[in-house]
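Chemist: Let me begin by handing over the structure; questions about it come next.
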Amino acid sequence: MISHDAIWLAIDQLAERAGFSTSGLARKAGLDPTAFNRSKRVSPEGKPRWPSTESLSKVLTVTGASMGDFVAIIETREYVVAPAQGGGARPIPLIGLAQAGRDGYFDDAGFPAGAGWDEVRFPDVHPIDDHTYALEIQGDSMLPLYRDGDIIVVSPAAQLRKGDRVVAKTRNGEVMAKELARKTIQKVELKSLNPAHSDRVLSTDEILWIARILWVSQ
């Protein structure tokens, strides 16, 4: 499933790669300079606005990207998270995925707890909330999508939809990155990202929290 956020963030990344601001990209493509502004991505009633196929075609022409390039950005959600000492971007907490399974790092809603976290800086290309944080992948259980050392940016407050990639923590301390296949009042079905690992079906009572993955650095 291709989300509204993923489409717009892919356009943002193509603009950045080509050296344009979003307004500069729109102008170069012969569109209204405000066409790609964040305020235009949601209607006054709160409904998502999607770019037209004509607009996408013009963006690809201007940036020199192919449709395959565009789809690859959406599929991998690739984004390089700037080092903490960089300027201009918002600092967010960073913790190792293995540590996430221990007590004391998160509250029961999946929000970071306490202090003393490392930090990375997340570029201001996504409307992140105050509870957004980063986890560093450790090990190879999430191959081929996520590799050891990758940093995933997650939000426990983001709305969950079928097909979203998520991090879930069970009440016994197990932490896993999966794809949300289905969520009901009674159970949650999680599809494995690594074919060597099985899918999971958990009762809602077994799950402490689920956080949606927004981006991954690779």
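Chemist: If VAL175 meets every condition in (1) farther than 19 Å from ASP118 by Cβ; (2) more than 17 Å from the chain's Cα centre (by Cα) apart from one, which number is that one?
Modeler: The one condition VAL175 does not meet is (1).
Chemist: Here's something else I'd like to know. So is VAL166 in contact with a Lys or Arg (Cβ under 8 Å, 6 or more places away or on another chain), closer than 20 Å to LEU9 by Cα, of a type outside the set (D, E, K, R) and at pLDDT 80 or above or not?
Modeler: yes
Chemist: Got a number for residues in the stretch 50-68 being surrounded by 11 or more Cβ atoms within 10 Å (Cβ to Cβ), polar (S, T, N, Q) and in a helix (DSSP H, G or I)?
Modeler: 4
Chemist: Next question, about the same structure. Report yes if LEU135 is out of contact with any strand residue (DSSP E or B) (no Cβ under 6 Å at 6 or more places or on another chain), among the aliphatic types (A, V, I, L, M), at pLDDT 80 or above and buried (at least 18 other Cβ atoms within 10 Å of the Cβ), otherwise no.
Modeler: Judged against the criteria, LEU135 is not a match.
Chemist: Can you tell me which residue is modelled with the lowest pLDDT among those in the stretch 185-218 that are more than 16 Å from ARG147 (Cβ to Cβ), small (Gly, Ala, Ser) and not in a loop (DSSP other than H, G, I, E, B)?
Modeler: ALA211
Chemist: Does the stretch 155-162 contain any residue that is in a strand (DSSP E or B), under 14 Å from ALA211 (Cα atoms) and not small (Gly, Ala, Ser)?
Modeler: So far as the stretch 155-162 goes, no, none of its residues is in a strand (DSSP E or B), under 14 Å from ALA211 (Cα atoms) and not small (Gly, Ala, Ser).
Chemist: May I pose another question? Only one of these is surrounded by fewer than 20 Cβ atoms within 10 Å (Cβ to Cβ) and closer than 19 Å to ILE74 by Cα: ALA10, ALA6, ALA15. Name it.
Modeler: Just a single option satisfies the conditions, and that option is ALA6.
Chemist: Go through the stretch 129-154 residue by residue and tally those that are touching a residue at least 60 places away in the same chain (Cβ under 8 Å), closer than 18 Å to PRO93 by Cα and in a loop (DSSP other than H, G, I, E, B).
Modeler: Adding up the residues that qualify gives 2.
Chemist: Counting only residues that are part of a loop (DSSP other than H, G, I, E, B), of a type in the set (Gly, Ala, Ser) and under 24 Å from the mean Cα position of the chain (by Cα), how many does the stretch 12-33 have? First the steps, then the outcome.
Modeler: Our first condition is that a residue be part of a loop (DSSP other than H, G, I, E, B); within the stretch 12-33, this holds for 18-21, 29-33.
Among the residues that remain, those that are also of a type in the set (Gly, Ala, Ser) are: 18-19, 21, 29-30.
Subsequent filtering for residues that are under 24 Å from the mean Cα position of the chain (by Cα) retains 18-19, 21.
Qualifying residue count for the region: 3.
The values are calculated or read from the model by the stated rules, or taken from the named source; none is laboratory data. The structure displayed is predicted, hence computed values, not measured ones. In this analysis, Cβ positions are derived from the backbone assuming ideal geometry, glycine residues included, and neighbour counts consider all displayed protein chains.
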